[in-house]
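Trainee: One structure, pasted below without further comment.
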Amino acid sequence: MSPLELPGAGRPYEILEEAEVARIQELRRRYPNGRSAVLPALWILQRRQGILTAEGMREVARALELPPGPVEAVASFYTMFFFKPHGRYVVEMCTSMSCLLNGAAPVLRTLEKELEVPTGGTSKDNFATLLEVECLGACGGAPAAQVNHRFFENLSPEKASALVAHMRAGTVEALTPPAVAATDGKASLQEMPTGAEAAEDETLVDLANPGANRLETVGAGAAGSVVDLVKGQGLLLRDTHHPAERGYTEPAEPPRSAEGDG
């Protein structure tokens, strides 16, 4: 596709800053095919807004000289990208085999209690979103969790309580391994954008219904029940387990303390 055929070609960028567009275009030149740079480009957008919006992904597509569709397709596959507002801290607790056998369950219950939010929800004050996730690739440090994509390993209920205390005090970087600690003052955990401001002014993408932000679709799906299986429609896939919906519930009441937690 030539630049003249790209949607919005020639328009000024309203979301991405000039330096970010230049960085994306530099990444694009590293690969024979621009699609290979979609992942790092989406990270740049998410650091800018906190979430991926329709308008933001269209700007990423323009910078990569791609149509918007392939960018949304890549974004919809990975659970590390967010499409709706979340808490200032996103806490992802691994409950796969290695972590589960090493005590992930009581750690998760402690996080629910300390953050005052059930797993899969966002606290009423939007302080934190707590998610249960599959393998984080940190089996050697099980049980492991991520806070705003930074690893914390060998957790116990006591360490989980201390971690939340540091989050509330804004001193959690002191617990972060130096190799991934923020160095420029812009990527600190407490300053991670939640996406709330972007959601007020831009279009949230319904990735269970691809293209829904641009085209109207019939109730049963644009191509019937077969496509519904891919799209995550309730007709074939019960509940809302599409990646775009993970962890995004209405702010919930704090969970009740259970007997025997620890």
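Trainee: Please give the number of the condition residue 83 fails out of (1) outside any helix (DSSP H, G or I); (2) open to solvent by 20 Å² or more (accessible area, probe 1.4 Å); (3) modelled with pLDDT under 90.
Mentor: (2)
Trainee: Being crowded, with 22+ Cβ neighbours inside 10 Å and of a type in the set (D, E, K, R) narrows it down to one of 48, 109, 62, 88, so name that one. Even if it seems obvious, please write down each step before you answer.
Mentor: Numbers: 48 fails: crowded, with 22+ Cβ neighbours inside 10 Å; 109 fails: crowded, with 22+ Cβ neighbours inside 10 Å; 88 fails: crowded, with 22+ Cβ neighbours inside 10 Å.
The unique qualifying residue is 62.
Trainee: Of the residues 79, 53, which single one is of a type in the set (Val, Ile, Thr), touching a Ser or Thr at 6+ places or on another chain (Cβ under 8 Å) and closer than 28 Å to residue 196 by Cβ? Explain how you work it out, then say what you get.
Mentor: Working: 79 fails: touching a Ser or Thr at 6+ places or on another chain (Cβ under 8 Å).
Among 79, 53, only 53 is of a type in the set (Val, Ile, Thr), touching a Ser or Thr at 6+ places or on another chain (Cβ under 8 Å) and closer than 28 Å to residue 196 by Cβ.
Trainee: Checking the conditions here, which among 36, 76 is modelled with pLDDT under 95 and more than 19 Å from residue 203 (Cβ to Cβ)? Talk me through it step by step, then tell me what you get.
Mentor: Working: 76 fails: more than 19 Å from residue 203 (Cβ to Cβ).
When all the criteria are applied, what remains is 36.
Trainee: Can you tell me which residue is farthest from the chain's Cα centre (by Cα) among those in region 23-59 that are among the hydrophobic types (A, V, I, L, M, F, W, C) and part of a loop (DSSP other than H, G, I, E, B)?
Mentor: Here the residue is 52.
Trainee: Further question on the same structure: Pairs needed: first member in region 153-164, at positive phi; second member anywhere, in a helix (DSSP H, G or I) and surrounded by 15 or more Cβ atoms within 10 Å (Cβ to Cβ); C-beta distance under 8 Å; at least 6 residues apart or different chains.
Mentor: Close Cβ pairs satisfying both conditions: 154/141.
Trainee: Something else about it: Step by step: first the residues of region 69-80, then only those that are outside any loop (DSSP other than H, G, I, E, B) and of a type in the set (A, V, I, L, M, F, W, C), then the one that is most open to solvent (accessible area, probe 1.4 Å). Which residue is that?
Mentor: Taking region 69-80 and keeping what is outside any loop (DSSP other than H, G, I, E, B), we get 69-77.
Of the ones still in play, those that are also of a type in the set (A, V, I, L, M, F, W, C) are 71, 73-75, 77.
Numbers: 71: 0, 73: 60, 74: 40, 75: 0, 77: 149 Å².
Once the filter is applied, the top-ranked residue is 77.
Trainee: While we're here: Specify which of the listed residues (168, 150) is among the basic types (Lys, Arg), within 23 Å of residue 193 (Cβ to Cβ), open to solvent by 10 Å² or more (accessible area, probe 1.4 Å) and modelled with pLDDT of 90 or more.
Mentor: Numbers: 150 fails: modelled with pLDDT of 90 or more.
Matching residue, one of 168, 150: 168.
Trainee: Another question, then. Taking region 91-106 as the region of interest, how many residues are assigned to a helix (DSSP H, G or I) and crowded, with 20+ Cβ neighbours inside 10 Å? Lay out the reasoning, then the answer.
Mentor: Residues of region 91-106 that are assigned to a helix (DSSP H, G or I), as a first pass: 97-101, 104-106.
Now narrow it down to the ones that are crowded, with 20+ Cβ neighbours inside 10 Å: 99, 104.
Final tally of qualifying residues: 2.
Trainee: Out of 136, 66, which single residue is out of contact with any strand residue (DSSP E or B) (no Cβ under 9 Å at 6 or more places or on another chain), assigned to a loop (DSSP other than H, G, I, E, B) and not aromatic (Phe, Trp, Tyr)? Please lay out each step first, then the result.
Mentor: On the way: 136 fails: out of contact with any strand residue (DSSP E or B) (no Cβ under 9 Å at 6 or more places or on another chain).
Answer to the selection: 66.
Trainee: May I pose another question? Can you confirm whether residue 117 is assigned to a loop (DSSP other than H, G, I, E, B), modelled with pLDDT of 90 or more, within 21 Å of residue 51 (Cβ to Cβ) and open to solvent by less than 10 Å² (accessible area, probe 1.4 Å)?
Mentor: Numbers: assigned to a loop (DSSP other than H, G, I, E, B): yes; modelled with pLDDT of 90 or more: yes; within 21 Å of residue 51 (Cβ to Cβ): yes; open to solvent by less than 10 Å² (accessible area, probe 1.4 Å): yes.
Answer is yes for this residue.
Trainee: Are there any pairs, at least 6 apart or on different chains, whose C-beta atoms fall under 6 Å, with the first in region 120-134 and free of Cβ contacts under 8 Å to residues at least 60 places away in the same chain and the second open to solvent by less than 20 Å² (accessible area, probe 1.4 Å) and in a strand (DSSP E or B), and if so, which?
Mentor: Final answer for the pair search is 128/89; 128/91; 132/93; 133/92; 133/94.
Trainee: Return the pair list, or none, for Cβ contacts closer than 8 Å from residues in region 22-40 that are closer than 12 Å to residue 66 by Cβ to residues that are assigned to a helix (DSSP H, G or I) and among the β-branched types (Val, Ile, Thr), at least 6 apart or on different chains.
Mentor: Close Cβ pairs (under 8 Å, with a partner that is assigned to a helix (DSSP H, G or I) and among the β-branched types (Val, Ile, Thr)) amount to 24/44; 24/60; 35/74; 37/24; 38/60; 38/71; 38/74.
The values are calculated or read from the model by the stated rules, or taken from the named source; none is laboratory data. Note that the structure is predicted; figures quoted are calculated from it, not measured. Note: ideal-geometry Cβ built from the backbone for every residue, glycine included; neighbour counts use all protein chains shown. Side chains are part of the model used for accessible areas, which takes the heavy atoms of the whole protein and leaves out ligands, DNA and RNA. Shrake-Rupley method; radii C 1.70, N 1.55, O 1.52, S 1.80 Å.
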